[in-house]
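First comes the structure, then the notes that go with it.
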Amino acid sequence: MVESALKLERARYERSALVEWLTTVDHKKIGILYFWTSLAFLLIGGLLALLIRTQLIVPENTFLGPEAYNEVFTMHGTIMIFLVVMPLNAAFFNFLVPLMIGARDVAFPRLNAFSYWAFLFGSLLLLSSFLFGAAPDGGWFGYANLTSSRLYSPGLNIDFWVMGLQVLGVATLASALNFFVTIVNMRAPGMSLMRMPVFVWMTLVTAVLILLAFPSLTVGLVMIMFDRYFGTNFFNPAAGGDPVIWQHLFWIFGHPEVYILILPPMGMISEILPTFSRKPLFGYTFVVFAGMVIAFLSFGVWAHHMFAVGLGPVPNAVFATTTMLIAIPTGVKIFNWLGTLWGGAIEMKTALLFAASFIAMFTIGGISGVMHASVPVDYWQTDSYFVVAHFHYVLFGGSLLAIMAAIYYWFPKMFGRMLDERLGKLHFWLTLIGFNLTFFPMHFLGVDGMPRRVFTYSADMGWDLWNLVASIGAYLLGASTLLLFVNMLTTLRKPADAPADPWDGRTLEWAIPSPPPAHNFDVVPVVRGRDAFWIEKYGAEEVVGPAPERHGAESGHNPHNSGSGNEVGHGSSAGHGQAAHIHLPPPSWFPLTTAAGLTLMGAGMVVHATESLASLGFPIVGLGIAMVVVSLLGWTFEPIHEESHA
């Protein structure tokens, strides 16, 4: 069986490398595509952040004009949320979830590939606005009727934003549906819901959040599109519309979106801390249910973004209460992470440093967030730099620091190479110092009254010192990010010699070679408890401290990790799994062509909004529709059981 699987794997590589990557439906390759694409966008979003801080480094600076500044801060926020943090989370979803649940792939491999290509093409449509001098300039939140009326936004700027986000939304919804079905239906025998790794749980909760929250954004974007293209008046007060409707639609999506961005990193942390403290996660059940409660409450707090709108005392009181309540399950998670570290045999690797810093920085962001549950305090701080500091402590100090921990933790599994620990620790300290230098002074700027989204300020306001400090911190943060890329690129030039289980991990992905084979597991593992691979190595007893002699995990020499000292078989339950036939779905062009057709439809709508090429717009849309229909027909009738091996 194993020989036939490896023969199939080799046959897949007989095509050119380019064709292999363009047509792949392998969840691991798709995860790697997400990984490198989103890191490239991180460089772009980070460069835009440096432009912002360069403009604000001194009072009355003319480095950027007001129009350019609006484009830069709009695209910085849009890129970092939709093109960096979400797809970096998706990179780890794709690569790890099937491995963690003992599956050979996701439920819908071609839909998975479509999700990536729609993400890539939607991102390129959005970024192509720079080439036409029409980058979105209405803020990442796109408030109507500034964005819905061509009277206020006459150019193509908002059209690129609306169409790009609609394509990205389709990609995200498809991915969420795929992972929901995968986790519910494709777990290994014995892996009940309460035996799943916390990262898998948070992926499942995030998928539900996406499926419930993104339709609201989609509806709002369609309404803006209709106002701009077809003369409707959803947000035009003069014709009976209401721009506040957009705020409700956006923030009903927008606040669950915060947890879409932060719950997967919480899951990453919940896997990393037990490994490097050599203890099981403290209060696993509480951590899981706290994630569910956060997801539930996230749909009841959106109007705290709208306290200054004038909703009235009753709605303000209700949303202030729910905003306070959502801090409780978040605090539960923090105490459980601290309990995991307490008394553990701590191993101070780079991944643990980033994970521990996540706890501290996210706590600061959470505390400043709870402040906004008080309506009078929110009135004072809203639209000030205090809010900018708050959400960067949540989304950078939370999401991105945890993702950095995940990169150092799972990079050996993804690429078969160990990142340099000395460079990693230098990267960590530069990041932590640069991050706090950049964003902590913004609390002071907000308290001193500096509004967010202003392109310059007077020297008389007294904001120059903290803006200078913040800008210096931003440059340091940029340098630290480059150090990460140096570490990764130099590591990739080395031989692939990482052991299967370099950290003495607890979950199933560490039971197979690094990087994993195309079929993942020779034998479908049978799960006998929580922390499935740990049980196979050491038995059901918990171990704290130096590793004892293993028993039960060894299943023969692993040729992929010769000499590593951690050779294990491709399945974590030697002698217990079932040697079922291995079927790998064949590669397909149709996910790519379907995504290209969808993007072509969006591009056609942008062309229709031009003055000189408007007549070509709808024909391009029609061509995109035809491309989608033909691709879906080919997709439907494409054989998917060409080869199977027993």
Pair Phe618, Asp497: separation of 7 Å Cα→Cβ label points (nm): 6.5 nm
Stokes-Einstein diffusion coefficient of the range 2-492, Kirkwood radius over Cα pairs, 20 °C, 1.002 mPa s, in µm²/s: 92 µm²/s
Placed amide H near Val524: partners under 5 Å, 5+ positions off or other chain: Gln578, Ala580
Sorted peptide list for 257-270, 197-210, criterion being average Cβ within 10 angstrom, highest first: 257-270, 197-210
Relative packing of peptides 339-349, 74-84, 125-135, 176-186 - highest average C-beta neighbours within 10 Å first: 74-84, 176-186, 125-135, 339-349
Charge tally in the Cβ shell below 13 Å around Pro441, where Lys, Arg are +1 and Asp, Glu are -1, Pro441 excluded: -1
The range 22-32 - phi-based ³J(HN,Hα) in whole Hz, Karplus 6.51/-1.76/1.60, Gly and Pro as x: 6, 10, 5, 10, 6, 4, 6, 5, 5, x, 5
P(r) of the range 590-645 over all Cα-Cα pairs, binned every 5 Å from zero, in whole percent: 5, 22, 20, 16, 12, 9, 6, 4, 3, 2, 1, 0
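Let me know the number of lysine pairs in the range 2-492 closer than 19 Å at the Cα, not counting same-chain pairs under 8 apart. Let's see the in-between values first.
Numbers: Lys7/Lys28; Lys7/Lys29; Lys28/Lys413; Lys29/Lys413; Lys279/Lys333; Lys279/Lys349; Lys349/Lys413; Lys349/Lys425.
Value for the range 2-492: 8.
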Accessible area (Å², per residue) of the range 590-645, counting only protein heavy atoms and a probe of 1.4 Å: 54 Å²
Computed helical MRE - 222 nm, the chain, DSSP H runs ≥ 4 contributing -39500 (n - 2.57), nearest 500: -20500 deg cm²/dmol
Note, ³J(HN,Hα) from phi for the range 360-366, Karplus 6.51, -1.76, 1.60, rounded to Hz, x at Gly and Pro: 5, 5, 5, 5, 4, x, x
Using alpha-carbon coordinates, inclination of helix 66-78 to the longest axis of the chain, degrees: 30 degrees
Computed E for Leu18/Met461 - FRET, C-beta separation, R0 56 angstrom, nearest 0.05: 0.55
Accessible area per residue, Å², the range 377-445 with all protein chains present, probe 1.4 Å: 30 Å²
In degrees, nearest ten, helix 590-608 long axis to first principal axis of the chain (Cα): 0 degrees
Ser384 long-range amide H proximity, modeled H, under 5 Å: Arg452
Cα-derived Rg to Rh of the range 381-522, Kirkwood definition: 1.15
Angle in degrees between helix 327-341 and the longest Cα principal axis of the chain, rounded to the nearest 10: 40 degrees
Neighbourhood net charge (9 Å Cβ-Cβ; Lys/Arg +1, Asp/Glu -1) for Phe276: +1
About the Cα centre, charge dipole magnitude for the chain (Lys/Arg +1, Asp/Glu -1 at Cβ), debye: 600 debye
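Counting Lys and Arg as +1 and Asp and Glu as -1, what is the net charge of the other residues whose Cβ lies under 10 Å from the Cβ of Asp159?
+2
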For peptides 609-616, 356-363, sequence by mean Cβ density within 10 Å, most packed first: 356-363, 609-616
Of all accessible heavy-atom area on the chain, the percent that carbon and sulfur account for (1.4 Å): 70 percent
Cα centroid separation - the range 434-474 against the range 252-268, whole Å: 27 Å
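The values are calculated or read from the model by the stated rules, or taken from the named source; none is laboratory data. Fair warning: this is a prediction, and the values are worked out from it, not measured in the lab. Please note: Cβ atoms are built from the backbone with ideal geometry, for glycine as well, and neighbour counts cover all protein chains shown. Accessible surface is based on the protein model in full, side chains and every heavy atom, while ligands, DNA and RNA are left aside. Shrake-Rupley method; radii C 1.70, N 1.55, O 1.52, S 1.80 Å.
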